[in-house]
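Have a look at the structure below before the remarks.
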Amino acid sequence: MTRRLAEVAKKVGVSEATVSRVLNDKPGVSDATRQAVLSALDVLGYERPTQLRGDRARLVGLVLPELQNPIFPAFAEVIGGALAQLGLTPVLCTQTKGGVSEADYVSLLLQQQVSGVVFAGGGLYAQADAPHEHYRLLAQRNIPVVLLNAAIAHLGFPNVSCDDAVAVEQSWRHLASLGHERIGLVLGPADHMPSARKLAAARAIAGDLPDDFVARAIFSIEGGHAAASRLIDRGVTGIICASDPLALGAIRAARRKGLDVPSRISVVGYDDSALMNCTEPPLTTVRQPIEAMGRAAVELLHAQIGGVPVPAEELLFEPELVVRGSTAQAPRE
């Protein structure tokens, strides 16, 4: 018991006496501190006292599509920290191939009577051809929901997005300024909304973008390798990718063909996830403002939980091009 008091007190930044008062449901503790202590109990894996278990409605589902792409753990860290500051405990739900589906996670979260759900990027809401019944179930139950990044229309939830069009414009203008004229795209599936936005922006800025200069891929290094290999065979010298792992795959594809990056092939990623400045060469990429987006998502969710009406609108955040070593002047013929 003493060890538990000490661990929880350290986690929250209060005295052991304060933790004891919360656990024994005694007065003299603010609501915010009480909720922070209870959240710390959940995070540390301790069982709440019986009389306090009704407060488990302070749980919030945090649904991630995967953990292999470092952008998603980064979002989870920001969102989880912001939730904890509000006395809310994140319940991390990570999808794996052949594992628990997004719809199954929603069912589990409803059974836990969560206060709300944040879908932190890459979910089925971003895929037009995917099943969406579980989102409608959340809406029917009036569960507060916030979506991160571009979603299909008519789901009826607020979402917080990085501006895909601006991201492509920044990448395209950067490559064009380096003299690249044959610029290709490595994107996700055709029904993937962020990829659709990126493609529309590229067509708008290029004027005439050949279909052969657009390659689709699954979101992985291997997918990027395969897609970029096709683009390189078609004469592309600059490649804009829809994620950093795709960009790493593109660099690998160029090297497998004996082409140096960046002197022969320039590659631009998207996300600026962890360690992209440590790759060889360091990756030029477009940075999503993770901190601002994550905190905005939590603010929208917390407002809904508190009964404040939140419009089902999209908040667009401006990305930032980070120029490193994977782009250079276009090769001379």
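Return one number: the angle in degrees, 0 to 90 and rounded to the nearest 10, between the long axis of the Cα atoms of helix 31-44 and the longest principal axis of the Cα atoms of the chain.
Computed tilt is about 70 degrees.
In square angstrom, what is the accessible area per residue of the chain with a 1.4 angstrom probe?
Averaged over the residues of the chain, the accessible area is 45 Å².
Which part of segment 305-333 falls in the paramagnetic zone of E280, meaning amide N under 16 Å from the point 7 Å along Cα-to-beta-carbon?
Hits in segment 305-333 for E280 at 16 Å: 325-326.
Under a Cβ-Cβ cut-off of 14 Å, what is the net charge of the residues other than Q68 that fall near it, where Lys and Arg count +1 and Asp and Glu count -1? Please list the in-between numbers first.
Values: positive: K97; negative: E66, E222, D244, D271.
Charge balance in the 14 Å sphere: -3.
Can you bin every Cα-Cα distance in the chain into 20 Å intervals starting at zero and give me the percent of pairs per bin, rounded to whole numbers?
Per 20 Å bin, starting at 0, the Cα pair percentages come out as 30, 48, 20, 2.
Would you please report the Å³ per residue occupied by the convex hull of the alpha carbon atoms in segment 171-306?
So the per-residue hull volume is 121 Å³.
In degrees between 0 and 90, to the nearest 10, how far off the longest principal axis of the chain does helix 193-206 point, with axes built from Cα atoms?
That helix lies at roughly 30 degrees to the long axis.
So for segment 144-244, what are the equivalent ellipsoid semi-axes in whole Å, largest first, each being the square root of 5 times an eigenvalue of the Cα gyration tensor?
Working: eigenvalues 131, 48, 24 Å².
The answer is 26, 16, 11 Å, longest axis first.
For segment 49-204, taking Cα atoms only, what is the radius of gyration to one decimal and the Dmax to the nearest whole Å?
When restricted to Cα atoms, segment 49-204 yields Rg and Dmax of 18.1, 68 Å.
Taking every pair of Cα atoms in segment 247-333, average 1/r, invert it to obtain the Kirkwood radius, and report Rg/Rh to two decimals. Don't skip to the end; give the middle numbers.
On the way: Rg = 18.7 Å, Rh = 15.3 Å.
A ratio of 1.22.
Tell me the accessible surface of E291 in square angstrom (1.4 angstrom probe, heavy atoms of protein chains only), to the nearest ten.
100 Å²
Sort C278, C93 by accessible area with a 1.4 Å probe, largest first.
Result, largest first: C278, C93.
The values are calculated or read from the model by the stated rules, or taken from the named source; none is laboratory data. As the structure is a prediction and not an experimental result, all values here were calculated from the model. Positions of Cβ are generated from backbone atoms using ideal geometry, with glycine treated the same way; all protein chains shown enter the neighbour counts. These area figures cover heavy atoms from the full protein model, side chains too; ligands, DNA and RNA do not enter into them. Shrake-Rupley method; radii C 1.70, N 1.55, O 1.52, S 1.80 Å.
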